[in-house]
Structure formats: C-alpha cells, structure tokens
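**Student:** Structure below; questions to follow.
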C-alpha cells in the first residue's frame, strides 16, 4: 500500500518517523511508518459521552457502529447527523440523534461514572458491566472452507497493518468466505464498530454473511456482533469463557484460533451443526 492510501490531507492514519534498526548488535538509521492513534470524542446532541483512541479513518462508520453496538440508538435512522471537527487535540464527532434516543441516553448516563475505551470500565453496577444481548440471532452453520478463505483474504487485505504492524481488522465476509468489506483500527473494538456502522449505513442483510476478526474474541466482540444481528464470528485468537457463554445465550456461532486449515468451534448455533473442529 502506498502511504497516500493511508491518509486524508489533515489527519494521516500513519506517519513516517525516523528510527534505528538494532540487528546483530549493530544500529542502522531507518524510517518506519507508525500508526496514528487519535482521541475521538463522541458528542450526542451537545453532550459529551465518550472519548476513544482510534485510527482517523472511516469515522462516520465508527460513530454509527458505536452508537448501535452500545445501544445508544436502535437503528441507523436514529442517527440524524454526524459532523467531524478536527483540532490539534483530536477529533470531535458531533452526533445528532432522535429525542427518544437522547432521553434514553441521559437516563443511562445517570448510572455511569464515566466511559473508557475498554467498553465496560465506566459501569457503576455489576449489572451494567455484562449486558444481555437484546434478542437471539439466527446463527449460521460453521463452514470450514468459508472460514479458511475469509481468514486468508483478511490477512492479505490489511493495508494499514502491513504498513505499520499496529492495527486490527474486522471483515464482512460472504457465506462463501469472500471478504466484501474490511475496516482497520488500532483498537479491535473500534474496527468492529466501523464495520457494523458500514453494514448498517448500507442496509446490508446481516444474515447474508459473517464477521472475521484479527483479534481474540472477547465478550465485547461477541456482544457487538450479536447486537448487529450477525450469526457467526470467526477470530484468529481465542475467546474468553464469558464470550463463549454470551455466544451461547445469543445463539451465535463462535469460532476461535481460525488459522489456515485449523479452527476451533466454541459454540455452534442451534439451527446448524458444525462441519469441522
């Protein structure tokens, strides 16, 4: 990928920096592309809600996906407007949401001490930390060939990761495993929110594919996927036990350690039998 492909004129996603290569005891001057990590403030109807550290790419997708996966809005049409303002301190996303969604957000904020990038650290009560998925999803069957293809294409299409070595990716894959859309970010949650936002904006049917990610399958990753109505999550690394239990309760097929011709099925949706281990 060319450096120009990584950036917009004002906020590049990667910066070329001077460095030293230490090899066999020798130091050699070199230059490295380093991923940018920028504070992004999400402000709803004039009220600041969260500041996330993110890659300055696809931020409209991020705003919509975050709003959906956090339950701030119920559908894409609840986000009425998104305006981006750049400054030396970071990026502000001024979001305008429906009155109904904003009233609910204000009620929810009364139970929070604050919000951070980990997703649940701002929860004041235990009940707020682990939220049930609103409704079970129509789980997909686990197809070995499709997952193998998806993970191979995912690895080949991570332009920012190939340039910097510092980012995660989430991909929307067809039922045959073809990667149709990919989003990257320094944060795995952010990459998935960007992907979810894109799918919602384009009104993509969540039953027509699955998600593949370059990270572990944490509770948050499973919850976000299920909240979007997607029936299968394939991850390159392991899930947590809480993530598996969440997948079970949501009827989401969960696959971990998806690498090459190997994968481990941690949960197969009730509507479909697994085809491999």
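The values are calculated or read from the model by the stated rules, or taken from the named source; none is laboratory data. Nothing here was measured: the structure is a model prediction, and the numbers come from that model. Don't worry about glycine lacking a Cβ; one is built from the backbone with ideal geometry, like all the others, and counts go over all protein chains shown.
**Student:** Quick check: anything in the stretch 33-50 touching a residue at least 12 places away in the same chain (Cβ under 8 Å), more than 27 Å from the chain's Cα centre (by Cα) and not assigned by TED's automatic domain parsing to the domain that holds residue 163?
**Tutor:** The answer is no, given that none of the residues of the stretch 33-50 is touching a residue at least 12 places away in the same chain (Cβ under 8 Å), more than 27 Å from the chain's Cα centre (by Cα) and not assigned by TED's automatic domain parsing to the domain that holds residue 163.
**Student:** Continuing with this model, one more query. Output the residues belonging to the stretch 159-186 that are surrounded by fewer than 19 Cβ atoms within 10 Å (Cβ to Cβ) and either part of a loop (DSSP other than H, G, I, E, B) or out of contact with any strand residue (DSSP E or B) (no Cβ under 9 Å at 6 or more places or on another chain) (or both).
**Tutor:** 162, 165, 166, 175, 176, 178
**Student:** May I pose another question? If a residue must be surrounded by fewer than 24 Cβ atoms within 10 Å (Cβ to Cβ) and on the phi < 0 side of the Ramachandran plot, how many such residues does the stretch 224-249 contain? Full working, then the answer.
**Tutor:** Filtering the stretch 224-249 down to residues surrounded by fewer than 24 Cβ atoms within 10 Å (Cβ to Cβ) leaves 227-229, 236-238, 240-242, 244-245, 248-249.
Imposing the further condition that a residue be on the phi < 0 side of the Ramachandran plot reduces the set to 227-228, 236-238, 240-242, 244-245, 248-249.
Of the residues in the stretch 224-249, 12 are surrounded by fewer than 24 Cβ atoms within 10 Å (Cβ to Cβ) and on the phi < 0 side of the Ramachandran plot.
**Student:** Do you know which of the residues in the stretch 89-107 that are touching a helix residue (DSSP H, G or I) at 6+ places or on another chain (Cβ under 8 Å) and closer than 24 Å to residue 54 by Cα is surrounded by the most Cβ atoms within 10 Å (Cβ to Cβ)?
**Tutor:** 95
**Student:** Being more than 11 Å from the chain's Cα centre (by Cα) and crowded, with 24+ Cβ neighbours inside 10 Å is the filter here; which residues of the stretch 187-216 pass it?
**Tutor:** Correct list: 199, 209, 210.
**Student:** Which condition number in (1) out of contact with any helix residue (DSSP H, G or I) (no Cβ under 8 Å at 6 or more places or on another chain); (2) within 26 Å of residue 71 (Cα to Cα); (3) assigned to a strand (DSSP E or B) is the one that residue 245 fails?
**Tutor:** Among (1) out of contact with any helix residue (DSSP H, G or I) (no Cβ under 8 Å at 6 or more places or on another chain); (2) within 26 Å of residue 71 (Cα to Cα); (3) assigned to a strand (DSSP E or B), the lone unmet condition for residue 245 is (3).
**Student:** Still on this structure, please answer the following. Looking at the stretch 206-232 only, could you name the residues that are in a helix (DSSP H, G or I) and farther than 25 Å from residue 260 by Cβ? Full working, then the answer.
**Tutor:** Pass one, the stretch 206-232, residues in a helix (DSSP H, G or I): 206-208, 219-227.
Within the stretch 206-232, 206, 207, 208, 219, 220, 223, 224, 226, 227 qualify.
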